[in-house]
Amino acid sequence: MRKADLILLFLILLLFVLPLQINPYWLRLLTAFIFLSCLSYSHNLLFHFLGYPAFGGVAFFGFGAYTFSILYNHSTPLLLSLLLGGVSSLILSLLISPILMRLKSHYFAIATLAFQLCLMELAQNLEITGGTKGIAFNLPEYSNLIAFYSFLTLLLTLLMLTLFLDRSRLGLTMKAIREDETTALSVGINAVLYRSIAFMVMAFFLGLTGGVFSFWNAYVDASTLFNPMLSVKTFFILTLSLSLPTYGPLLWSFFFEMLFELLWSKFLMLHGLLLGIAIVLLILFFPRGVVWKRS
Amino acid sequence: MEKVLEVVDVKKSYGGNLVLDCVNLSVKRREVVGLLGPNGSGKTTLLNIISGITRQDSGALRFKGIDISGLPPYRRARLGIGRTFQIPRPFWNLTLWENIQIACHHAEKGAEVEELLKRVGLYELRSKKGGELSLAQRKRLELARALALKPSLLLLDEVFAGLNPASIKEIQSLLKELKEEGISILMVEHVLKALFGLVDRVVVLHGGRIVYDGSLEGMAQDQEVRRAYLGERHITFEG
């Protein structure tokens, strides 16, 4: 294990005890940061390792969130509901991957975005999803803490998976596909299989994240779950993490959440505008992030 | 001698443009065959069809007696068909070591990365990234990567193009060694002099058809080859 990994592990372990020392405001802020990290790391499995930008990956987040909400509202135990949220997204990705996995680069990005909008439209019109009214549910005691620890566990799992992939032969194979798929095929790599598996793993984690998000929010509706702003935030973070794909999503999620909070609390009427300007400037001046790898 | 590769009546067209028209070709074990022809005659398309990157419209392909016509490229690679590309395609952001390791890991019979890098003279550069190499080094890397598959058949697409005489000589020697080891080679090439003493025979494609199949020396005497590829002015080969 590298020194940076140990520091990171220490920081995450610190996060496990932090909720006992902070007030509800900071707990909410910290949870928002970890939630955004989970979204980013899930997308990063496909984006960093295979070079596929799933701009509409939020579709699986929303689908998992609805599955969780419906099951949990029908008295299914919390953990089982969360797990089934992830599994349902995985199954959905399995069904859609024969179509989406035929596409590459921006075609793939646009197709996933269209898929997200289709699901949003469906969710707004179906009875089972509560239509435009959405689904609300009663939460148990300590729900904020449960959501925090669930997100944190998810984050830890995603981080370990990312570190494993970054240093394993499996990850190397995925990077080879990202570099040049034709060449990868010519050296015996079954690119479609790897892409499909990564797509499904991403969908599974997004589904789980969606489930925890619903629980944390106590209410879900289509415009919240399939909000394109979630994709914008995620890909802003992933773009700035390009030169540091293992730790970058964590660092930039923290930065983004703090920036958002600062702008929102100090400039209530202008925070959207200022955030937009900040995003444009950051992408303009640091197109591959601010942490550069030594060559 | 045992046939390693058989191409039977292969046809390929793009839109209305017929690129390969009933091509029949075979490569025996330990045989080096030069695939020649003017630009656009279908040479690279044929290599792509054999390696599975492009699918033929009709016809069959057999590798060591196995019908591989419908197999995806990665399955053909695992069976032992290695290839290089006309414009080298290293994994740009992976190190040389990783470039070879990828192929060793996925071939059914892996080879040692170190041994391969030493063999092509790139061991000292093993920590460099694929994108940092010169053209000649990239070509060597591609060759090593193809060898990592422990291939029975090597498909080489203009491996001598753009190389200086010293590099050409080194690669010639390596290819001769590979031939001695029992590897068959089908190579597309325009640097005809580099083929001298290396190939057992040449096949000339023109307009998607094979117009010549014979010795390199005899090719210059063939009227159709001269008209289609070499030009009307007399060409001689010096050993």
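Nothing in this text is a laboratory measurement; each read-out follows from the coordinates by a stated rule. No experiment lies behind these values; they were computed from the predicted model shown. So basically every Cβ, Gly included, is an ideal-geometry build from the backbone, and we count neighbours across all protein chains shown.
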query: Quick one: is B:Asn99 without any contact (Cβ under 8 Å) to a residue 60 or more places away in the chain, within 11 Å of chain A (Cβ to nearest Cβ) and outside any helix (DSSP H, G or I)?
result: no
query: Residue check, A:Gly188 against (1) assigned to a loop (DSSP other than H, G, I, E, B); (2) more than 14 Å from chain B (Cβ to nearest Cβ); (3) not polar (S, T, N, Q), all met but one. Which one?
result: (2)
task: Identify the residue in the stretch B:54-75 that is more than 20 Å from B:Lys3 (Cβ to Cβ) and of a type in the set (S, T, N, Q) and, among all such residues, is farthest from the other protein chains (Cβ to nearest Cβ).
output: B:Ser58
- request: Of the conditions (1) surrounded by fewer than 16 Cβ atoms within 10 Å (Cβ to Cβ); (2) part of a loop (DSSP other than H, G, I, E, B); (3) not acidic (Asp, Glu), A:Trp264 clears all except one; give me its number.
  value: (2)
- line: In the stretch A:129-141, anything surrounded by 11 or more Cβ atoms within 10 Å (Cβ to Cβ) and over 16 Å from A:Thr224 (Cβ atoms) is listed as A:Leu139
task: Go through the residues of the stretch A:198-218 one by one and say whether even a single one is more than 14 Å from every other protein chain (Cβ to nearest Cβ), surrounded by fewer than 22 Cβ atoms within 10 Å (Cβ to Cβ), among the polar types (S, T, N, Q) and in a helix (DSSP H, G or I).
output: yes
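The rows are residues; the columns are (1) in contact (Cβ under 8 Å) with a residue 40 or more places away in the chain; (2) closer than 22 Å to B:Val32 by Cβ; (3) outside any loop (DSSP other than H, G, I, E, B).
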site: B:Gly131; (1), (2), (3): yes, no, yes
site: B:Lys139; (1), (2), (3): yes, yes, yes
site: B:Arg145; (1), (2), (3): yes, yes, yes
site: B:Leu155; (1), (2), (3): yes, yes, yes
site: B:Ala161; (1), (2), (3): yes, yes, no
site: B:Leu175; (1), (2), (3): yes, yes, yes
message: Checking the structure you have, find out if any residue of the stretch B:95-108 is within 20 Å of the chain's Cα centre (by Cα) and more than 28 Å from B:Gly162 (Cα to Cα).
response: yes
- request: Among the residues of the stretch B:117-142, write down those that are buried (at least 24 other Cβ atoms within 10 Å of the Cβ) and away from chain A (no Cβ under 12 Å).
  value: B:Lys139, B:Arg140
- prompt: Is there any pair with a first residue in the stretch B:59-74 that is of a type in the set (A, V, I, L, M) and a second that is in a loop (DSSP other than H, G, I, E, B) whose Cβ atoms are under 8 Å apart and which are 6 or more apart or on different chains, and what are they?
  reply: B:Ala60/B:Ser69; B:Leu61/B:Ile68; B:Leu61/B:Ser69; B:Ile68/B:Gly52; B:Leu71/B:Gly52
query: Considering only the stretch B:177-216, how many residues are buried (at least 19 other Cβ atoms within 10 Å of the Cβ), hydrophobic (A, V, I, L, M, F, W, C) and in a loop (DSSP other than H, G, I, E, B)?
result: 3
